[in-house]
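Reviewing the structure listed below.
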Amino acid sequence: MKAPICNVCLKSSDELCSMCEDKLEDGDITETDIKITRILYDLSKEYSSLKDSEIVKVFEMEKVIVIVTAEGDGAKVVGRSGEIVKEVASEVDKSIRVVEKAEDDMDTIKGLLSPAEVESINTVFMPEGKSKKIVVDDEYTGKINLSVEEFEEIIKEITDTPYKLSFE
Ligand SMILES: [Zn+2]
């Protein structure tokens, strides 16, 4: 398994090595990255699909924990009929959403917003620069377990592109 922390730290349950400790201090990794990837590492003993997966980043939001995997690794982390994420969810008592960091931003966006469908993505010009606006039908308002601000924060970190989300 590949994770934001090194293999030695994945296997341990307390202190971090000096390299990972530096990353934590610099804000490159968070306590959430550490907590969730250690849980997944433990589960990899039981669920072999995890062994060959890469976790890029984990975000803890108000109602949900978002696990970002490398492209093509989403299903390995979700598990058969969601069995792996169910175990993680019960351990942290929060729902889990798994998305892939895909080459095409659209795939990541869809993963974050499901079950809502994206109607359009338009480039908009604002005083602070160019941005992209994602439009979702307003029938999905409140049906995604991420707030607009949370979605915008996550997608910016994953794709490095400032997207705006709008329900219309
Ligand atoms: Zn380490």
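Element breakdown for region 116-168 at a 1.4 angstrom probe: carbon and sulfur atoms account for 46% of the accessible area. For region 116-168, a crude dipole built from +1 on the beta carbon of Lys and Arg and -1 on the beta carbon of Asp and Glu, taken about the Cα centre, is about 240 debye to the nearest 20.
What whole-number volume per residue, in cubic angstrom, does the convex hull of the C-alpha atoms of region 88-130 give?
Numbers: hull volume 5.4 nm³, N = 43.
Roughly 126 Å³ of hull volume per residue.
Taking all protein chains in place and a 1.4 Å probe, what share, in percent, of the accessible surface of region 1-101 do carbon and sulfur account for? C and S fraction of accessible area: 46 percent.
Tell me, what is the per residue accessible area of region 116-168 in Å², probe radius 1.4 Å? Write down the numbers at each step before the final one.
On the way: 3170 Å² over 53 residues.
Result: 60 Å² of accessible area for each residue.
Can you give the % of DSSP beta bridges in the chain that are antiparallel, to the nearest 5? Among the beta bridges of the chain, antiparallel pairing accounts for roughly 50 percent.
The long axis of helix 31-43 is offset from the longest Cα principal axis of the chain by roughly 60 degrees.
The values are calculated or read from the model by the stated rules, or taken from the named source; none is laboratory data. For clarity, every value in this text was computed on a predicted model and none was experimentally measured. Neighbour counts are summed over all protein chains in view; Cβ atoms, including those assigned to glycine, are modelled from backbone coordinates with ideal geometry. Ligands, DNA and RNA are excluded from the accessible area calculation, which covers all protein heavy atoms including side chains. Shrake-Rupley method; radii C 1.70, N 1.55, O 1.52, S 1.80 Å.
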